[in-house]
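The values are calculated or read from the model by the stated rules, or taken from the named source; none is laboratory data. Predicted model only: the values in this text are computed from it and were never measured. Note that we place each Cβ from the backbone using ideal geometry, even for glycine, and neighbour counts take in every protein chain shown. With ligands, DNA and RNA removed, areas are computed over all heavy atoms of the protein, side chains included. Shrake-Rupley method; radii C 1.70, N 1.55, O 1.52, S 1.80 Å.
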Amino acid sequence: MIERSVLLEKNKAFLNGNLLFEFSQPDNSAFLTALYKHLEINYPRFYKMDNMCKLGFLAAELLLHDSSAYTGYKKEDVAIILQNENSCLDTDLRYYETVAEIASPALFVYTLPNILIGELCIRFGFKGESIFFLNKKGETGEMFDYINHLLENDLAQTCLCGWVDYLDEQYKAVLLWVGKNRNGELFTLNTLDKLYNQ
Amino acid sequence: MHDLKVQIIAQLNLQDLTPEDIGDDQALFVEGLGLDSIDALELIVLLQQQYKIKLSNAEEGPKVFRSVRTMAEYITAHQPKA
């Protein structure tokens, strides 16, 4: 079952379909900092993250803000399964620009998409299975099957999963909390596609 | 030292801090500002970009980067003459 969902897109933040925050300025890159301040999070490491990690981090913060979502789950039983279509290209390009002079160590550490998973594990302490799929938009089947495989075979009891994509100030995050024992919307391929395209 | 603090804040993306928040003798790593190993590499880049100083001996690192004051002293002693 999909117990919770978050959407961050076009300077708006939704939790379970309800608008929680809207940034009125046209500057896409300032949206993430504005949302961070709005949520009153005290996590200085946020400023060191690249844009994709900031996006995924904030989506997860919204999704899990009251911690009741994962109360009762062992941290070892929480999987993180993510996907996007542009990998970490936004940071790769910025890093490549620095190589001509002095390569930036701070950018280099974000030149892998699964660094976002690491950031989420550090923040929430999750220790379960994790994988980051690179798929074209609309190709949700692979991730869907993998999540079902984990849940049906007791390899995880719940999954933090979804789409986190950021390139050239265009972004979208759809994060879901999918479990097998609680109430919510049925986790099907159709539901997943509907949430991705909302 | 104020300028150096401004540069450190910019280089390390310490956006929650102002130069006034960083003491001249405050430890930069672990119990002080809590910087990590990637920050150490960024401080080496800062020395090179801003002051044309290459830290040739890695073992000097902990002494040079102990505080803003020790960094400033190292820069003063090693900055190439114009």
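For the reader, a short list of remarks on this structure follows.
- Residue selected from region B:1-33 under the condition polar (S, T, N, Q) and not in a loop (DSSP other than H, G, I, E, B), by the criterion nearest to the other protein chains (Cβ to nearest Cβ): B:Gln11
- Region B:34-51, subset among the hydrophobic types (A, V, I, L, M, F, W, C), closer than 15 Å to B:Leu14 by Cα and more than 8 Å from chain A (Cβ to nearest Cβ), residue surrounded by the most Cβ atoms within 10 Å (Cβ to Cβ): B:Leu43
- Residue count, region A:33-56 (criterion: more than 14 Å from every other protein chain (Cβ to nearest Cβ) and assigned to a helix (DSSP H, G or I)): 5
- Qualifying residue in region A:66-77 (condition: within 14 Å of chain B (Cβ to nearest Cβ), farther than 23 Å from B:Leu17 by Cβ and in contact (Cβ under 8 Å) with a residue 60 or more places away in the chain): no
- Scanning region A:140-158 for residues that are within 18 Å of A:Met1 (Cβ to Cβ) and either free of Cβ contacts under 8 Å to residues at least 24 places away in the same chain or open to solvent by 20 Å² or more (accessible area, probe 1.4 Å) (or both) gives A:Phe144, A:Asp145, A:Tyr146, A:Asn148, A:His149, A:Glu152, A:Asn153, A:Asp154, A:Leu155, A:Gln157.
- Residues (more than 14 Å from every other protein chain (Cβ to nearest Cβ), outside any strand (DSSP E or B) and open to solvent by less than 30 Å² (accessible area, probe 1.4 Å)) located in region A:86-139: A:Ser87, A:Cys88, A:Asp90, A:Pro113, A:Leu116, A:Ile117, A:Leu120, A:Phe124, A:Gly125, A:Phe126, A:Gly128, A:Asn135
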